[in-house]
Structure formats: structure tokens, C-alpha cells
Amino acid sequence: MIYINSEKASKIQLNSENFYVLSDFDRTLTRGGSISAWRILHETKLLGEEFSIMYDTIHDRTDIDKNNSDDRNSELYKERFKDYMKLLKDCNFNEDIARQSALKTNLQLREGAKEFLKEMFALKVPVIIISCSIKNTIKEYLKAQNCYYDNIYIYSNEYCEELEECIYDITPYNKSKIKFSEKVNNLIKNRQYSLLFGDIVDDVKMARDKEKTITIGFLDKKIDENLEKYNKNFDIVLSNHGSFEEIKRYIKLS
């Protein structure tokens, strides 16, 4: 099933020089219903059983209640991610483990995502990934899939050996507040349009100018319950594990 705001999609004409891509990672570039880049470390067991037990304890202790305000949920996420970072430190996490976990996981990219990233690289279109997951494993996973190109820029929580330097404050609710580097700002400043991909309504907040952004939402669970909300917030909605190949039927690059 697909919903499309054809008026907006037809009004914005994209070419390789006038747009950039904004994308979530978990269940957007990866398949719907899949684990998060955080949970790769839990799944692969490379940090031992104690890590898995403590990871679940932290997760359950900071269970996110959808009835909370966005600000309250953001604080809960930050608390969770800060504790995750300390746990990684205690379990001697390092970049080699990130690489091994990315190679060992059975996580899969969404259909057509790898080809899409390759095409954006060929067209020299900047791809900005904004995720509340963990950059260490996102980066290594894309490398393992042979689709980590030099036009990809990742803004995500990131583990550093010095805990005070770790980033743990990116949540699903504050993506509009992410400040891009000077390099990225220079790359996109003359590109008036953006193409945005997400799997939850809050991902729309990644857009810097929604009127000049074509927003695409992947709706893979509780479809009947959420379809109306997604249709109101995204310009294009693909349900039932939609693919990046489908999107190309409705968005043409001139």
C-alpha cells in the first residue's frame, strides 16, 4: 500500500545538484521490524553475558512511555544512552568490537537501500543520517555492507573512550536541533530541496524546511492504527515493508 501527496511531489523537481538526503537509520535504511544499531552489540554477544543482562536492565529501567511529553521522553532516552555508554566502558568496548559485531550481525538493509546509497554517491548528493542509535556500529555496519561512501555524514550518539566526550543526547524527539558541521552546511547551502526518510512521525523533524522537503515514511507495523497519522505527516507513505525501489517510481531525478 502506498499513499502519495502527488501535488507536492510533482511541484518539487529534483536534480543531482539541487537536493540532499536526510535519513533515519534503524528500520528506515534497515528493514522494518529489525533490531537497532545499539542492539547489534547485545545480539552478537561479543561483550559477554554480563553486558546483555545489564543492557536489558538499563532498557527496562528507562522504559519510554508514549503518554509522556516529548521533553520527558527525551530526558529518559538521554538517561538510557548515558548508562549504555558507561556500560560499554565497563565492558571494554572498542572499535574492533564494533567492526566484529557489524560483520557478525544478521541485520539487513531495507530492500533497495544499498542501491540507493550507491546512486546518491554516483550523483554526488550529500546523505545525512540522523539517528538516536550509536554511530560506532552504524558506520561499521555500512562499511561491512560496502555502502559507506564519502558523501555520507552520520549524526548519532557516539561512544568515546573518555566518557565525558561521548555523545548520548540525540533522541527521536530532538532531531531538529542537530547542528551540522561547517563542512556539511557548505555542502547543502545551495541545495534548496531535501529528500527525507523515516519510520516514525518524529523523523519529520529532521527537515530544515518542510515546504521544500519531500518526506517519505515507512510504516511497517500497526498499519491500520497509524496510517492516518502517517498520511498527515509524510508526503509519501509506504506500508508493508516498502522498498527504496518503489520510491523511484514516484520521485524522478531530472
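Scan the range 36-47 and tell me whether some residue there is part of a helix (DSSP H, G or I) and aliphatic (A, V, I, L, M).
Yes: the range 36-47 contains one or more residues that are part of a helix (DSSP H, G or I) and aliphatic (A, V, I, L, M).
Look through the range 148-172, keep the residues that are farther than 19 Å from LYS205 by Cα and in contact (Cβ under 8 Å) with a residue 60 or more places away in the chain, and return whichever of them is surrounded by the fewest Cβ atoms within 10 Å (Cβ to Cβ).
Ranking the candidates gives GLU161 first.
Of all residues in the range 225-253 being at pLDDT below 90, outside any helix (DSSP H, G or I) and in contact with a strand residue (DSSP E or B) (Cβ under 7 Å, 6 or more places away or on another chain), which is surrounded by the fewest Cβ atoms within 10 Å (Cβ to Cβ)?
LEU253
For the range 119-147, enumerate the residues that are closer than 23 Å to ARG39 by Cβ, open to solvent by 10 Å² or more (accessible area, probe 1.4 Å) and either assigned to a loop (DSSP other than H, G, I, E, B) or charged (D, E, K, R) (or both).
LYS135, LYS139, GLU140, LYS143, GLN145, ASN146
Taking the range 204-224 only, how many residues are more than 25 Å from GLU17 (Cβ to Cβ) and outside any strand (DSSP E or B)?
6
Looking at the range 47-74, I want the residues that are closer than 21 Å to ASN174 by Cα and open to solvent by less than 80 Å² (accessible area, probe 1.4 Å) and have a partner that is in a loop (DSSP other than H, G, I, E, B) and among the hydrophobic types (A, V, I, L, M, F, W, C) with Cβ atoms under 6 Å, at least 6 apart or on another chain. Which pairs are those?
ASN73/ILE64
If I ask for residues that are of a type outside the set (Asp, Glu) and in a helix (DSSP H, G or I), which ones from the range 92-108 would you list?
Result: ILE97, ALA98, ARG99, GLN100, SER101, ALA102, LEU103, LYS104.
Could you grab me the full set of residues in the range 173-217 that are within 16 Å of the chain's Cα centre (by Cα), among the acidic types (Asp, Glu) and open to solvent by 20 Å² or more (accessible area, probe 1.4 Å)?
ASP199, ASP202
Could you grab the pairs with beta carbons closer than 8 Å, sequence gap of 6+ or different chains, first residue in the range 7-23 and touching a residue at least 24 places away in the same chain (Cβ under 8 Å), second one open to solvent by 40 Å² or more (accessible area, probe 1.4 Å) and among the aliphatic types (A, V, I, L, M)?
Taking only residues 6 or more apart or on different chains, the pairs are LEU14/LEU253; ASN15/LEU253; SER16/LEU123; SER16/LEU253; TYR20/LEU187.
The values are calculated or read from the model by the stated rules, or taken from the named source; none is laboratory data. Not measured: the values here are computed from a predicted model. Here Cβ is always computed from backbone atoms with ideal geometry, including for glycine, and neighbour counts include all displayed protein chains. To get the accessible areas, we keep the full protein, side chains included, count just its heavy atoms, and leave off ligands, DNA and RNA. Shrake-Rupley method; radii C 1.70, N 1.55, O 1.52, S 1.80 Å.
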